[in-house]
Amino acid sequence: MKLKQSNLATLLALGFLTTTVSAQTFIYEEEFDGTGNGYNPDSMTALAGDDDWVDFANRIGNNFSGNEGYFTAAGGTESVITGGATSNDPQVRTDFAVGINKSEVGRVELRVRIDKDQDSDYDAADALVAADVSLFWGTNTYVNPGAANGNPNVSINFGNADEVVAEADGWHRFIWTDKGGLSGGGAGTTQVNSFRLDPVNGNNGASFEVDYLKIEESTLIQVDPVDPVGPEFTLRQEWNWNTDGDQEGWTAGANGHFTISGVSGGLLSGVSSDGDPQIISPSFEVLDVESGRFVIEVGLVVDVADTSSKRLFWGLNGAGPVGGQALSFPPLPTDGLLHVVRLNLDDLINDRITSLRFDPSTTSGITTNVDFIRIYSEGPEIPFIPPPVAELDPAPLGPEFILQQEWLWDTEDDFEGWTLTNLFFADPNDADTGVFDSSIFAESVGTDPQLQSPNVNINAPASGQFVVEIEYATDFSPATAGQLFWADASGGPGVARSITTPSVPNDGASHTVRVTFTDNIDTVLNFLRFDPTNADAIYFGIDAVRIYTNGPPLSSDAPKIASFTYDSSTGDAEAVLVGNPTTVYTFVSAADLDFSASSPITLTGATVGTLSGGGVETDGSGNATVQFNLGTGPANFLRAED
């Protein structure tokens, strides 16, 4: 962003552009210059109707220059509110009603500096972090006069700033990004009526200056937008209720606060019967996108008596909607006409959207008419890779699964390359541990026992599917879950490459734990690690570990040109390719082996495999035979590429 601004400024300075740049508009702006609300240095002396910012409980005194209140910044020109903390919790509160709509609150910016090291100077040594300053809001006012405690729904924390930007002379901008309004503050509340600023946290004696507090209108929510959703967005999911009687899978919430009357005339209609009505979507899937940009539009005809707030929640990855995944709607016209609410959810969603919940009001007896709900996203979708699936004692595998590796431990004392950690496995005083009777017998020592396989380096098949089966038994111990880890091209064992496996009954019998991977293993399975328990002193025996692939593994060396024939008089040529199954390969030719000036080859036929997009797709065994013409010039070098 800084680069774009600099370039624009340069163009303007050079005269290449002429434009009028409008000033940023704010729904709330406090410059702390006394032209709006005054300042009272002691809340005990506040008077009704003064409409001041007040030093609550007199926790602020003079700064290092002997000032408290509105002054010009030390060494600068800014009008600021300044003072020195006489407590670890100084507070400046509004002793008046702020009166902005909480659903319209967007980006919030507060400019502050603190003499953090108390050396009577503001400089680069006074580096601030998000926890140094706090900002609060409320839907109620504080008790007037004096901004005292006593009213509900005040001092609601904005939380730590999302960004702290350091500037010259010790100034810092604390920025809370646009989250599409504020939620909370009591059912049915719509206004922000109080602020509390804690200009210094936990630094009694430190001086401070506050330059401004500015709040922009949220750009995440628009009512009746003039322009349609941009052409860069693709409609991914919609409900239009154009068929009478068809609710399109939507149902009333289980709490019974809403009753769906039906679908008629293109509207899904219903009535609230309590304060938390809910309408629940069917399950669906809108994939995450690389851009992180989503738009949801809701078309509503609002009841003439409905002035209550409304919220839309979204659920991700199969989970239900939760509070942190919601936006509140601004007030809508109650004129009986269709109105559209557009939610611009840039970077607020980073997963699959799989459910919605619409809370159409906060009061009883309100009729709701929903015309449509549409979900858009921008750019390429990110394919969803389901997590591995773990099963206990499953049905046998199908014939498409090919055994690639197994360990049976049928040679006494031969661990077949496996290494054991935090396990008794060769105790000379315990004849029941070690390798015998075609099993590894061991007992956990502590809560992190591990068995790691030797390297296997099995390439992924075209299907992307691996299966790992572990046959083992536990005895005389509580049943506990295990954990299977793996290493692949993305890295070694860790949280991202692990799955919890089912508890094996402690009945002394052998049970099979199966884990099925579909596209979870990146390129090559290097090795496994199995943690059979997370408890101490668990005795178990592992009978077998097997690794299967669904189809043959892809070759690391593919493709290979097995043979090549060329008729120099006509230029006709034929190549026999050995590659991976059902994979598209193209051919290039070059005058030298480094292929620095390679040229694509146009294939004229395929007697094995199928021509596809300028290349050839190999058959199910990875074979292809193709024909082309190289011309009658000098001999060329030939290469196949995937």
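The values are calculated or read from the model by the stated rules, or taken from the named source; none is laboratory data. Please read all numbers here as calculations on a predicted model, not as lab measurements. Heads up, the Cβs are rebuilt from the backbone with ideal geometry, glycines too, and the neighbour counts pull from every protein chain shown. Only protein heavy atoms, including side chains, enter the accessible area calculation; ligands, DNA and RNA are left aside. Shrake-Rupley method; radii C 1.70, N 1.55, O 1.52, S 1.80 Å.
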Rounded to the nearest 500, the 222 nm mean residue ellipticity computed for the chain from DSSP H runs (n ≥ 4, each -39500 (n - 2.57)) alone is -500 deg cm²/dmol
With bins of 5 Å, the percent of all Cα-Cα pairs of region 91-186 per bin from 0 is 2, 13, 19, 19, 17, 14, 10, 5, 1
Restricted to pairs 8 or more residues apart or on different chains, the lysines in the chain with C-alpha atoms under 28 Å apart form a number of pairs equal to 11
Residues whose modelled amide H sits under 5 Å from the amide H of Val192, counting only those 5 or more places away in sequence or on another chain, are Gly99, Ile100, Asn101, Lys102
By accessible area (1.4 Å), largest first, Asp115, Asp413 order as Asp413, Asp115
Check: C-alpha center region 318-367 vs C-alpha center region 481-507, spacing in Å is 39
For region 372-377, Karplus-derived ³J(HN,Hα) couplings (6.51, -1.76, 1.60; θ = phi - 60°; whole Hz; x for glycine and proline) come out as 6, 9, 9, 10, 10, 8
In terms of the alpha carbon gyration tensor, root eigenvalues a ≥ b ≥ c, rounded if a/c is under 1.5 and otherwise prolate when a/b exceeds b/c or oblate, region 38-119 is oblate
In the list (1) 34.4, 107; (2) 27.4, 83; (3) 35.6, 117, the entry giving Rg and Dmax of the Cα atoms in Å computed from the coordinates is (1)
To the nearest Å², the heavy-atom accessible area per residue of region 510-642 with 1.4 Å probe amounts to 45
Tilt, helix 2-14 to longest principal axis of the chain (alpha-carbon atoms), in degrees rounded to tens, equals 70
Length gained if Thr251 through Asn151 is fully extended, taking 0.36 nm per residue and subtracting the Cα-Cα distance, is 32.2 nm
Per residue, accessible area of region 152-246 with a 1.4 Å probe, heavy atoms of protein chains only, in Å², comes to 44
Burial-style ranking of 25-35, 270-280, average other-beta-carbon count within 10 Å with highest first, yields 270-280, 25-35
In whole percent, the fraction of accessible protein surface over the chain that belongs to carbon or sulfur atoms, probe radius 1.4 Å, stands at 49
